[in-house]
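Following: one structure in structure tokens, then a few remarks.
The values are calculated or read from the model by the stated rules, or taken from the named source; none is laboratory data. Predicted model, so just to flag it, every value in this text is computed and none were measured. Cβ placement follows ideal geometry from the backbone for every residue including glycine, while neighbour counts extend to all protein chains displayed. Note: accessible area is taken over every heavy atom of the protein model, side chains too, but ligands, DNA and RNA are not part of it. Shrake-Rupley method; radii C 1.70, N 1.55, O 1.52, S 1.80 Å.
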Amino acid sequence: MEHFMTGLGLVASLDTLLPLFIGTFIGVVVGALPGLGSVIGITLCLPFTFTMSSFTAISLLLGVYAGSVYGGSISAILINTPGTPASAATCFDGFTMAKAGQSEKALGWATMASVFGGLFSCFVLVLAAPQLADIALRFGPIETCALILMGLTCISTVSGGSQIKGIFAGMLGLFFSIIGQDPMTGDTRFTFGIFALSGGVDLIAVLVGTFALSEVFTRIDIVRRENIGSIISCRGLRFPSLAEWRPRWWLLLKSSVIGSFIGVLPGTGSSAAAFISYSEAKRSSSRRKNMGKGEPDGIVAAESANNAVTGGALVPSLALGLPGDAVTAVMLATLIMHGVTPGVRLMVDSPGIVYGIFISLVIANLLLIPFGYIVAKGFAYMLRLPEALLLPVITLLCLLGTYGVRNSAFDLWTTVATGFLGLLLRYFGVPLAPLVIGLVLGMQFEISLRQGYLISHGDVFNALKGHPIALGLVCATALMLLAPLWRLCMRRRSSPCQTKE
Amino acid sequence: MNYRVQEICFSGTLFLIGALLMHHTYQSGYASMAQDLNVGLMFFPRLVLGIWLFCTGIMTIGAVGRQAEHRPFLWGRVLGGLGVLIFFVATLNTLGFALAGLVCFCGLGWIIGYKRPVRLLIIGAVYVVLVQLLFEKALQCYLPACKLLGG
């Protein structure tokens, strides 16, 4: 209690609250602008932290982090362009709901799910950080490989009608993740002498091209051929009722647990959490048949999981001094610059700071509601433009967002090329979602697969026997893949019986 | 060209690309890399490309068995839009964002169907300036200037 009050004392001052407010707003705006994302938001604010106290600096960055992860859902829902990779899964149902005239509702679902996921992970952070850090240490390459394999089963669940085309799209995404330097040896693969490819294909460029530009190309055809006006109208944000939430409480809680847990594991991140959670929802939700066609469950699963990562990601950072991704690495660097050493001793030497961070994250997540409303209103004004003006606005914004990541013209070429590829895939009925899943999870999967193979000397069976966590995950994955086949068999068995009757 | 033929060409091309990439993985340069590792750097790519070939083979066979149908699609307009984007990317560093962006905005707007050229030009100019200010002043992300004007 004493440490909690110390933390509260750190937060409850204008010097901390004002940067927290500003950071959260900047995070939501930057997250909503396609291609920019958390890292750019954090990088923008970093110079301002040099003159701040350590705690104020961390509060500012936490606000940006929480805001940007949520902000990506706004553009994902309204213009089918994930503002951050973590919101790619939100496009599947969010944009479909927006096309059906339910954009305000979709934004409401995303906002409340994000807030809940973020708050849930805050409580996880404060209650179980040391224990979760211990679990994180038990997660080696074999366990990570099994976990990501579970995420890759998303490919079959989001493939819709054609499983073969979906699996092909997943392989295309995995192939894109292979281009560039081999993660273990540093040798270049599939660069064909192009120097710009030695750094690999930029994730943001592919996401923006695949989702945004392919949508623009498709709309060029539809608008001219069918002579219709703007398809998305939005007046702001509308929260779902308690009655609508009631059948989704379990999904919300489960997705938040998944996100918090995955956030704890260094190197996995909010994108993996969103897809794994989406996959689990697609497997277990009673409304799974509607997922991908505008079902709120898809938004709830993805958004609560990706925001739950924010608190979970702080567990290895604060408790072990291990940053899980670029964002937490910057936050750790900020702490160290201000003389605070993260690690096992932080909880003992400066517990007030840990509780203060927890309270700041709670406030940042609560601020998502008003700031999400404001940014959604801003987007709503933009969507009133005629489509012939709206599409060029979106296109230029997306291209600049891609350019802003590395100031690289090559990324722009990648975006345009994948945009055209995305159009071809859509025209021939190949789903885009598996491509994104393969690209996001590909490199981590390859690293953990090869490391696991080396550790086990190729003896997969004994490796799984000696790693019960991995064995459990592989069994769960097998069940997830076999369950639809089982249901199909049971349905076929019962339908001949009904015919006979 | 009906949709069936288009799909056969598309799937067949993907199969061919996959086969060429698989052939590429057997290049001598890759064989000499990471020889001390049991799991070479082409282990995972070959696994992925193998599944790629399987899927595209099935897709091609499926397309052959499909009935011929016609799907209307304005390829001309779409390729025009693609051309505008290619022009933007190709000239961004030479013309600078302001000019290249203005051409891109107006070109796309015209292709999509906004047939008021003067208004389109004005809206495009205002938008390009606002976006440039947003990126350079607020986000500290500097956009290319026009080299022809000494930028």
(request) For the range A:1-142, give the magnitude of the charge dipole about the Cα centre (Cβ charges: +1 Lys/Arg, -1 Asp/Glu; no others), in debye to the nearest 20. (result) 280 debye
(request) With a cut-off of 14 Å, note down the residues of the range A:186-221 whose backbone N falls inside the zone around a label point 7 Å from the Cα of A:Asn407 toward its beta carbon. (result) none
(request) Answer with one residue from A:Ser285, B:Leu49, A:Cys398: the one whose Cα lies farthest towards the positive end of the charge dipole of the protein assembly as shown, charges on Cβ with Lys, Arg +1 and Asp, Glu -1. (result) A:Ser285
(message) Can you return the aspartates and glutamates within cross-link range of A:Lys254? Criterion is Cα-Cα under 13 Å, with same-chain partners fewer than 8 residues away left out.
(response) A:Glu280, A:Asp297, A:Glu303
(request) Order the following by accessible area, largest value first: A:Ile262, A:Ile469, B:Ile61, A:Ile353. Probe radius 1.4 Å; ligands, DNA and RNA are ignored. (result) B:Ile61, A:Ile469, A:Ile353, A:Ile262
(message) With every protein chain left in place and a probe of 1.4 Å, what is the accessible surface of B:Ile123, to the nearest 10 Å²?
(response) 60 Å²
(request) Between beta-carbons, use under 15 Å as the cut-off and find the net charge around A:Ser162, counting Lys and Arg +1, Asp and Glu -1. (result) +2
(message) Let's see if you can work this out: charge +1 on each Lys and Arg Cβ, -1 on each Asp and Glu Cβ, no other charges. What is the dipole magnitude of the protein assembly as shown about its Cα centre, in debye to the nearest 20?
(response) 2100 debye
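Rounded if a/c is under 1.5, else prolate if a/b is larger than b/c, else oblate: which is the range A:10-89, with a ≥ b ≥ c the root eigenvalues of its Cα gyration tensor?
Cα axes put the range A:10-89 in the prolate bin.
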(request) Per residue of the range A:458-469, in order, report the coupling 6.51 cos²θ - 1.76 cosθ + 1.60 (Karplus, θ = phi - 60°) as ³J(HN,Hα) in whole Hz, putting x for Gly and Pro. (result) x, 8, 5, 4, 5, 4, 5, 4, x, 10, x, 4
(request) Mind giving me the FRET efficiency for B:Ala68 and A:Leu8? R0 is 60 Å, r the Cβ-Cβ distance, nearest 0.05 is fine. (result) 0.25
(request) With all protein chains present, calculate the accessible area of A:His338 using a 1.4 Å probe and round the result to the nearest 10 Å². (result) 50 Å²
(request) Determine the shape class of the range B:6-122: with a ≥ b ≥ c the square roots of the Cα gyration tensor eigenvalues, call it rounded for a/c under 1.5, and otherwise prolate if a/b is greater than b/c, oblate otherwise. (result) oblate
(message) If you count only protein heavy atoms and use a 1.4 Å probe, how large is the accessible surface of B:Lys115, to the nearest 10 Å²?
(response) 100 Å²
(request) Leaving ligands, DNA and RNA out of it, rank A:Leu449, A:Leu435 by accessible area with a 1.4 Å probe, largest first. (result) A:Leu449, A:Leu435
(request) Answer rounded, prolate or oblate for the protein assembly as shown, using the Cα gyration tensor with square roots of eigenvalues a ≥ b ≥ c: rounded when a/c is under 1.5, else prolate when a/b is larger than b/c, else oblate. (result) rounded
(message) For the full complex of protein chains and a 1.4 angstrom probe, list A:Arg189, A:Arg493, A:Arg248, A:Arg238 by accessible area with the highest value first.
(response) A:Arg493, A:Arg238, A:Arg248, A:Arg189
